[in-house]
């Protein structure tokens, strides 16, 4: 993730200041940064429910602490990622107390792979833009890890139809991801 262009930085700063004055305006920041924060967390916890819970926690903490946030020229997302890293570490510590065999938590100070976060966030946005049937297939196959047969039964389609929907969706995502990288 590169630093925002000057115009983007100015716009983002204005959004932050507006949200500091009126917490209802935080929704704009949430919309802009949701995929990025979710992608960062999902890469680390590998459990969809936990990733969703932690993402919610991050935005709740961000909203609660927004009055103390000071603009220093860095992207607002850097602050959110730092909150996310601490939330993940806290979650691992809580899990370790409950289940001693849980692996060590990731270091919150470790530099995140910002390019990977951006790529994942872009992929999440592109999946949301797929036609509804393709989006359902991708979600069930790769998020819920269901078999072709299970997805076909769920959607009331043949297995061949589900395979076609999956193929079209993956081709579309690949082309759009490659197009975005160019």
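So in the stretch 54-67, with the set limited to residues that are touching a helix residue (DSSP H, G or I) at 6+ places or on another chain (Cβ under 9 Å) and exposed (fewer than 15 other Cβ atoms within 10 Å of the Cβ), which one is farthest from residue 19 (Cα to Cα)?
Out of the qualifying residues, it is 65.
Which one is nearest to residue 14 (Cα to Cα) among residues in the stretch 94-115 that are surrounded by 13 or more Cβ atoms within 10 Å (Cβ to Cβ) and modelled with pLDDT of 75 or more?
Filtering first and then ranking leaves 95.
Which members of the stretch 26-52 meet the condition of being more than 20 Å from residue 122 (Cα to Cα) and exposed (fewer than 15 other Cβ atoms within 10 Å of the Cβ)?
49
The values are calculated or read from the model by the stated rules, or taken from the named source; none is laboratory data. Just so it is clear, the structure is predicted and the values come from calculations on it, not from any experiment. As a convention, Cβ positions derive from the backbone with ideal geometry for all residues, glycine included, and neighbour counts pool all protein chains shown.
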